[in-house]
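No value in this document is a laboratory result; all are computed from the given coordinates. Everything quoted here is computed from the prediction, not taken from an experiment. As a convention, Cβ positions derive from the backbone with ideal geometry for all residues, glycine included, and neighbour counts pool all protein chains shown.
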Amino acid sequence: MSKRGSGGLVVYVTSHGFGHLHRTAAVLNQIPPDVPITVKSHADLFSGWRERLRRPVELVPYVSDVGAINPPGDSAAVDAAATIERAMIAHTDALRGLDLEADWLRDHGARAVLADAPAVPLAAARRAGAPAYLMTNFTWADIYASYARKIGPHAKRFVAELAQVYRQADCLLRVEPALRMAWLPRQETLGMVVNRGRDRGEELRRTLGLERGSRLVYVYLGRYGQTNLDWSRLERHAAQKIHFVSYHGAPGVAPANLHVVPSEGWPGGDLIASADAVLAKAGYGTVTEAMASGTPIIYPPRSDFAEYRVLDRALRAWGGGAALSSRDFRALKLDRALAKALGTKPGPPPFTADGAQQVAQRVLGVCR
């Protein structure tokens, strides 16, 4: 997956987890292999790129942001002070290397830059004379604004500076469900970017040794897990033939109806399409894939993360969302939410699911 290319498309992806990687991979898999692509991201994400990409790219390590910092063992919350502190350091370091990055783009012969969703690469592209596209449903300036109001003037100045860097994008490819980001000029609103999964429900039941008619709930709470939950409560649903499927076991307990499967053979999109319901934090990829697959989703609130509001609104408009309170989530009191989710037949999503194709066509027109 590290085939050397020159020119073509250069893609920058935030260092915040695997969700943005997953979304961007859906776009890159729509671009023909004759178009050279270089992906610049944190080296820790390289294994994720190799899992998800179905075409050759060149992988190059590059960091210009940190996204949001979760407290240890709690992937649904954000440590605002640590986030701002580390984001300011990463941003300052990236700006110091701005001329070097612009030189790299010129030397590489970049035809276009696509960013999801770091800011500094947009400024580097402008200096290099390459068209810069920001593909996202939020910017880190939007996310950090509420943190900065609590922290003080230096944090507010940082957010204002970050917003100015974002304004150097030639175009915002705004993928739904999205924040309005009205402060950014030159926008195009596109559909959802979705990695479509396959319904392999019967295969999954056979693999796990479950009888036909068992109900499957895919549990995904982030790669960093969730340690403060009462996982033992899951076993209460075994009598209803409800089984939970996850990439991780429960810390300290082993409910008989919680099954661990390998990510290599069972991509998240396939598990979403195969399950009767999903229990997950409301992240972009999980929400859009659930809506595209028609699989109801049970989700907890996410404090201090502006993206949550638009995802929650989209799920309520769709009709397949079952929101949990923070208290019920921590205790894994799922009775009412499971009854709602498993008894729901949601209609089509409120947005089209062709965003990956739309973004690919937009950048292809420049790269060729």
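Key figures for this structure:
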quantity	calculated
Long-range amide H partners of residue 279 with built H, under 5 Å	218, 219, 220, 298
Of 40/281; 281/333; 40/150; 281/345; 40/156, pairs whose Cα-Cα distance is over 24 Å	40/281; 40/150; 40/156
Amide proton proximity set for residue 244, modelled H, under 5 Å, gap of 5+	217, 258, 259
Alpha-carbon Debye profile of the stretch 25-93, log10 I(q)/I(0) at 0.12, 0.13, 0.14 Å⁻¹	-0.46, -0.53, -0.59
Convex hull volume of the stretch 201-342 per residue (C-alpha atoms, cubic angstrom)	105
Residue 107-residue 364 FRET efficiency (beta carbon distance; Förster radius 25 Å; 0.05 resolution)	0.65
Packing-based order for 86-97, 187-198, using average beta carbon neighbours within 10 Å, highest first	187-198, 86-97
In sequence order, calculated HN-Hα J values of the stretch 316-324 (Karplus, 6.51, -1.76, 1.60; Hz; x Gly/Pro)	5, 5, 6, x, x, x, 10, 7, 9
Mean shadow area of the stretch 136-193, taken as a quarter of the surface of its Cα convex hull (nm²)	3.9
Cα centre as origin, Lys/Arg/Asp/Glu Cβ charges: the chain dipole, Debye	600
Normalised contact order of the chain, rounded percent, pairs of Cα under 8 Å and 6 or more residues apart	17
Under 5 Å, built H, 5+ apart or other chain: amide partners of residue 62	41, 42, 43
Dipole magnitude of the stretch 126-184 about its Cα centre (Cβ charges: Lys, Arg +1; Asp, Glu -1), debye to nearest 20	240
Relative contact order of the stretch 201-342, defined on C-alpha pairs under 8 angstrom at six or more residues apart (%)	23
The chain shape via C-alpha gyration tensor axes, a/c threshold 1.5	prolate
Environment charge at residue 103 (Cβ cut-off 15 Å; Lys +1, Arg +1, Asp -1, Glu -1)	+2
